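Data first, discussion second: the structure below is written as structure tokens.
The values are calculated or read from the model by the stated rules, or taken from the named source; none is laboratory data. The shown structure was predicted, so the numbers you read here are calculated from the model rather than taken from an experiment. Here the Cβ positions follow ideal geometry from the backbone for every residue, glycine too, while neighbour counts run over all protein chains shown.
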Amino acid sequence: MDRLAIIGGRPLFGDIPISGAKNAAIKLMVATLLTDQSVQLSNVPDLADVRQLLRLLEQHGTHITREGDRLSLHTANIRSTEAPYDIVRKMRASFNVLGPLLAREHEAKVSLPGGCAIGARPVDLHLKALEAMGADITLDEGYVIASAKGGLHGATISFPFVSVGATEHAMLAAVLAKGTTVLENAAREPEMADLADCLNAMGAKISGAGRSTITIEGVSHLTGCQHQVLPDRIEAGAYAMAVGITGGEVTLTHGRADLLGAALASLRETGLEIEQMADGVRVKKNGERLTAVDIVTQPFPGFPTDLQALFMAMMATADGVANIKETIFENRYMHAPELARMGADIHVDGQLARVRGVDRLKGAPVMATDLRASMSLVIAGLGAEGQTMVSRLYHLDRGFEKLDQKLQNVGALVERVPDSA
């Protein structure tokens with residue numbers, strides 16, 4: 001198992017290419033189960049989560065061809081409607097094959113999901129949405145067993161709270177349901193609109209994606225299409241914060257500032273200069289210390305929970321006190337003790353975290369607990385004095401493509417080393 005060795009204190013200069021969004025790509029890949037024709041996806045990142053999902057799709061009968069960042073996915077026939085535990089437990093998003101399998105084959109047996117240990121994240125909203133569309137669902141020894149004799153039907157589904165996963169899952173199932181489905185209090189993340197754009201290119205009839213009410217007119221079948229995955233806003237935010245803690249000037253090529261939502265204003269408020277350019281997003285920090293800024297995580301367009309840990313790392317050396325409130329997940333401050341090992345002054349009380357900026361962090365051996373927490377430790381290491389060694393690098397490999405190479409190319413002293421070294 002590899003670790004990442006970081007010698008901090010070096011400003012970053014140059015270009016960092018922003019990959020396709022992981023959170024969009026994996027749902028687009030799942031969507032290809034809905035048609036017996038070939039779907040061509042481009043700008044697909046090479047990540048552990050993507051490779052894991054490809055394993056699952058192959059198990060369902062998908063023929064896969066990959067060339068660089070391009071994927072061709074063709075499921076002429078569903079070979080199996082079962083998604084086994086040994087695959088689904090490794091990546092939560094793979095649970096979303098349930099809806100497409102149920103919509104196309106009218107039956108499915110899918111293991112309950114695993115994933116990062118950042119809270120319960122129950123799937124009850126997913127199952128209630130499918131039941132509203134006529135699915136008969138039982139739970140048996142850790143598996144969801146679902147059937148819909150005669151197919152799914154349209155329904156009006158009002159989510160009690162905003163859920164990205166449940167909104168996407170309901171949309172994936174509803175495109176082949178008979179009649180009209182209306183999703184109320186739907187998630188508004190950019191990845192939602194990207195999924196709808198791809199499904200519409202396949203022949204679906206979806207309107208309102210990216211707004212709080214989404215309407216889906218069911219169709220009898222979908223066709224193949226070509227679709228380009230939108231750029232990863234979380235990766236762009238991560239590298240912007242890396243510049244924030246180190247200083248320097250970096251262009252995030254292919255990045256889009258508009259996808260950052262409320263995080264864009266918060267980053268600018270700290271003192272970072274962020275400008276949308278023709279070739280991407282330019283991020284610059286002068287020699288001055290950043291200003292502490294308060295944030296509250298919220299569904300899009302609010303501040304993303306996936307950037308909370310990273311922002312905390314950047315605030316660890318800001319001028320003043322930053323108050324952070326996490327409202328999405330109940331267990332997403334596990335990175336705070338690791339940052340404290342590097343000298344960060346952080347006090348956590350339930351949903352609230354108070355970060356009092358210190359003059360500098362000091363390198364230390366630290367351990368990642370989940371995907372986004374991992375990147376927060378990398379950011380802290382880039383700004384710290386001395387060497388930081390980040391272990392459990394497999395978390396980072398799930399969501400950041402070629403992380404060490406991208407950082408090396410802008411002047412960071414980082415190296416991937418075997419755990420035994």
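Annotation note: of Leu267, Leu259, Leu252, the sole residue that is over 20 Å from Gly320 (Cα atoms), in the same structural domain as Glu326 (by TED's automatic domain parsing) and in a helix (DSSP H, G or I) is Leu259.
If you check Ala132, Ala238, Ala146 for being modelled with pLDDT of 95 or more and under 21 Å from the mean Cα position of the chain (by Cα), only one passes: Ala238.
Output yes when any residue across segment 215-232 is assigned to a loop (DSSP other than H, G, I, E, B), at pLDDT 95 or above, of a type in the set (Asp, Glu) and touching a helix residue (DSSP H, G or I) at 6+ places or on another chain (Cβ under 8 Å), and no when none is. Yes - at least one qualifying residue is present in segment 215-232. When segment 335-380 is filtered for residues that are closer than 16 Å to Val414 by Cβ and under 22 Å from the mean Cα position of the chain (by Cα), the ones remaining, listed by number, are Ala368, Ser374, Met375, Ser376, Leu377, Val378, Ile379, Ala380.
Residue count for segment 199-212, restricted to those that are part of a helix (DSSP H, G or I), surrounded by fewer than 24 Cβ atoms within 10 Å (Cβ to Cβ) and either touching a helix residue (DSSP H, G or I) at 6+ places or on another chain (Cβ under 7 Å) or not aliphatic (A, V, I, L, M) (or both): 1.
Can Val243 be described as in a strand (DSSP E or B), touching a Leu at 6+ places or on another chain (Cβ under 6 Å) and over 30 Å from Thr75 (Cβ atoms)? It is false that Val243 is in a strand (DSSP E or B), touching a Leu at 6+ places or on another chain (Cβ under 6 Å) and over 30 Å from Thr75 (Cβ atoms). Being small (Gly, Ala, Ser) and assigned to a loop (DSSP other than H, G, I, E, B) holds for only one residue in Ala187, Ala193, and it is Ala187.
Residues that are in contact (Cβ under 8 Å) with a residue 60 or more places away in the chain and closer than 21 Å to Pro418 by Cα: which strands (runs of 3 or more DSSP E) entirely in segment 339-394 hold 1 or more of them?
Those strands (runs of 3 or more DSSP E) span 387-391.
Residue-by-condition table, conditions (1) touching a residue at least 60 places away in the same chain (Cβ under 8 Å); (2) under 25 Å from Ala186 (Cα atoms); (3) surrounded by fewer than 18 Cβ atoms within 10 Å (Cβ to Cβ); (4) of a type in the set (A, V, I, L, M):
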| site | (1), (2), (3), (4) |
| --- | --- |
| His63 | no, no, yes, no |
| Ile78 | no, no, yes, yes |
| Asp124 | no, yes, yes, no |
| Gly134 | no, yes, no, no |
| Ser147 | no, yes, yes, no |
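Taking the listed residues Gly343, Gly386, the one that is surrounded by fewer than 22 Cβ atoms within 10 Å (Cβ to Cβ) and in contact with a Gly (Cβ under 6 Å, 6 or more places away or on another chain) is Gly386, with no other qualifying. All of Gly411, Gly357 fail the test of being at pLDDT 95 or above and farther than 25 Å from Arg233 by Cβ, apart from Gly357. In segment 294-334, the residue that is nearest to the chain's Cα centre (by Cα) out of those that are in a helix (DSSP H, G or I), touching a residue at least 60 places away in the same chain (Cβ under 8 Å) and more than 24 Å from Phe161 (Cα to Cα) is Leu310.
Count of segment 274-332 residues, restricted to those that are of a type in the set (Val, Ile, Thr) and under 23 Å from Ala384 (Cβ atoms), is 7. Taken across segment 219-235, residues that are more than 17 Å from the chain's Cα centre (by Cα) and without any contact (Cβ under 8 Å) to a residue 60 or more places away in the chain do occur, with at least one present.
Per-residue answers, yes or no, for (1) under 24 Å from Asp15 (Cα atoms); (2) modelled with pLDDT of 95 or more; (3) touching a Lys or Arg at 6+ places or on another chain (Cβ under 8 Å); (4) not assigned by TED's automatic domain parsing to the domain that holds Val366:
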| site | (1), (2), (3), (4) |
| --- | --- |
| Val283 | yes, yes, no, no |
| Thr291 | no, yes, no, no |
| Ile295 | no, yes, yes, no |
| Asp319 | no, yes, yes, no |
| Asn331 | no, no, no, no |
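Residue under question is Glu326, and the condition is that it be in contact with a Phe, Trp or Tyr (Cβ under 7 Å, 6 or more places away or on another chain), of a type outside the set (S, T, N, Q) and crowded, with 22+ Cβ neighbours inside 10 Å; does it hold? Considered against the rule, which asks whether it is in contact with a Phe, Trp or Tyr (Cβ under 7 Å, 6 or more places away or on another chain), of a type outside the set (S, T, N, Q) and crowded, with 22+ Cβ neighbours inside 10 Å, Glu326 comes out as yes. Selection of segment 10-33 for residues being hydrophobic (A, V, I, L, M, F, W, C) and either under 23 Å from Arg233 (Cβ atoms) or surrounded by fewer than 24 Cβ atoms within 10 Å (Cβ to Cβ) (or both) yields Leu12, Phe13, Ile16, Ile18, Ala21, Ala24, Ala25, Ile26, Leu28, Met29, Val30, Ala31.
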